[in-house]
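The values are calculated or read from the model by the stated rules, or taken from the named source; none is laboratory data. This one's a predicted model, so the numbers in the text were calculated from it and none came from an experiment. As a convention, Cβ positions derive from the backbone with ideal geometry for all residues, glycine included, and neighbour counts pool all protein chains shown.
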Amino acid sequence: MQSPKYTARAHTNIALIKYWGKLDQDLIIPMNSSLSLTLDKFYTDTSVFFDSTLKQDIFRLNNKESSSLKVTHFMKVLREKTGETRFAMINSENHVPSAAGLASSASAFAALALAASRAAGLVLDSRSLSRLARRGSGSATRSIYGGFVEWQQGSDDATSYAVPFEENVAWNLSMIAVVISAKQKKISSSVGMQRVVATSPYYSAWRKTAAQDLAAMKKAIKKRDFRQVGTIAEENAMKMHALNASAHPHFSYFEPASLQVMKIVADLRSNGIFCYYTLDAGPNVKIICQNKDIQTILAALAPSFSQERLVVAGPGPGVKLIDKP
Ligand code: PMV
């Protein structure tokens, strides 16, 4: 017997205040609260139905059968929570313009959480959905909502979830994603953050300053102080990457081209174009800017990066069903 099929769409998000370190590996309770902007250009569509004839979950990504330990684990958690006993057919499509490399587990697990919970007969409110998405990937916790979103760290499964900070962002602000490599990251975010928590001598300083950065970021967003938002985001990202440089063994996600983009951004700033960068667990750089400066920034990047490597994204919406029975 088959369950009805549900399809959900979730957009990815980029953290302005990063999550980097887990208090609980299984429940994915973070060491610090974080804040992100959901983007309009990058999203995942996932459809799910349960089928009593299946002997295991079948996961297809971009029309190709795939295997993912994270998806397998997530479906186990979902079955425990919902009481569903059947295995599922999962079809996922990542929509990433031009060159890949920005597909993220954030949009993947937010879409899967909504589609799979509905297919299992459960209608969850946004908070419960955020808690469920968290079990797949930390950053997915935030992709339940659009716009600026805060993931409140909490201390256990019930208290760690995202809340919307400003869902409909009426602010002319964008992120230019510079795609440097589409390759799988060498050190997964999970391995990277675990190593940092265990070995970086600076980890306690990170936790303290991340809390201060978050409070300052929220004030800056409320005040519409773009320079302050950009400065805090860039500094917070660099503190996260400094943790990686101080881990044992140390590691880095930067490629030479990442440093090149950072220098272009710094030079633009010296010339009065206020833009800022942030990087996650990979070499791609996201430039935070005001819409009036997009063309100038693209022109500064054009000699070094082809057009298909530059994607301009704006604030995007929260997760939603796009197809239901
Ligand atoms: O939840 P993950 O495994 O996608 O880890 C996300 C880690 C960062 O992207 C570096 C930071 C963040 O808060 O999104």
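Table for the structure above
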{"read-out": "Residues that are of a type in the set (Gly, Ala, Ser) and either surrounded by 22 or more Cβ atoms within 10 Å (Cβ to Cβ) or assigned to a strand (DSSP E or B) (or both), drawn from region 1-31", "value": "ALA8, ALA10, ALA15, GLY21"}
{"read-out": "Count - residues of region 15-29 that are closer than 19 Å to PHE74 by Cα and either without any contact (Cβ under 8 Å) to a residue 12 or more places away in the chain or more than 8 Å from the ligand (Cβ to nearest atom) (or both)", "value": "7"}
{"read-out": "Any hit, region 45-64, residues being at pLDDT 95 or above, within 10 Å of the ligand (Cβ to nearest atom), within 19 Å of the chain's Cα centre (by Cα) and within 20 Å of TYR145 (Cα to Cα)", "value": "no"}
{"read-out": "Selection from region 228-278 of residues that are of a type in the set (A, V, I, L, M) and touching a strand residue (DSSP E or B) at 6+ places or on another chain (Cβ under 6 Å)", "value": "ALA233, ALA237, VAL261, MET262, VAL265"}
{"read-out": "The one condition in (1) small (Gly, Ala, Ser); (2) closer than 30 Å to ALA210 by Cβ; (3) in contact (Cβ under 8 Å) with a residue 12 or more places away in the chain that SER68 fails to fulfil", "value": "(3)"}
{"read-out": "Residue match in region 82-92 (condition: surrounded by 15 or more Cβ atoms within 10 Å (Cβ to Cβ) and either basic (Lys, Arg) or within 16 Å of the ligand (Cβ to nearest atom) (or both))", "value": "yes"}
{"read-out": "Region 37-51 residues that are without any contact (Cβ under 8 Å) to a residue 60 or more places away in the chain and outside any strand (DSSP E or B), paired with ones that are among the polar types (S, T, N, Q) and surrounded by 24 or more Cβ atoms within 10 Å (Cβ to Cβ) (beta carbon under 9 Å, 6 or more apart)", "value": "none"}
{"read-out": "Residue in region 32-41 that is farthest from GLY314 (Cα to Cα), counting only those that are away from the ligand (no atom under 11 Å from the Cβ) and surrounded by fewer than 24 Cβ atoms within 10 Å (Cβ to Cβ)", "value": "LYS41"}
{"read-out": "Filter pass, LEU279 being hydrophobic (A, V, I, L, M, F, W, C), touching a Gly at 6+ places or on another chain (Cβ under 9 Å) and closer than 16 Å to TRP20 by Cα", "value": "no"}
{"read-out": "Check on ILE180, among the aliphatic types (A, V, I, L, M), closer than 29 Å to ASN291 by Cα and touching a Ser or Thr at 6+ places or on another chain (Cβ under 7 Å)", "value": "yes"}
{"read-out": "Within region 217-325, strands (runs of 3 or more DSSP E) holding 1 or more residues that are of a type in the set (S, T, N, Q) and either surrounded by fewer than 19 Cβ atoms within 10 Å (Cβ to Cβ) or within 16 Å of the ligand (Cβ to nearest atom) (or both)", "value": "276-279, 285-290"}
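The rows are residues; the columns are (1) in contact (Cβ under 8 Å) with a residue 40 or more places away in the chain; (2) among the hydrophobic types (A, V, I, L, M, F, W, C).
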{"site": "GLU150", "(1), (2)": "yes, no"}
{"site": "GLN153", "(1), (2)": "yes, no"}
{"site": "VAL163", "(1), (2)": "no, yes"}
{"site": "GLU167", "(1), (2)": "yes, no"}
{"site": "ILE180", "(1), (2)": "yes, yes"}
{"site": "GLN212", "(1), (2)": "no, no"}
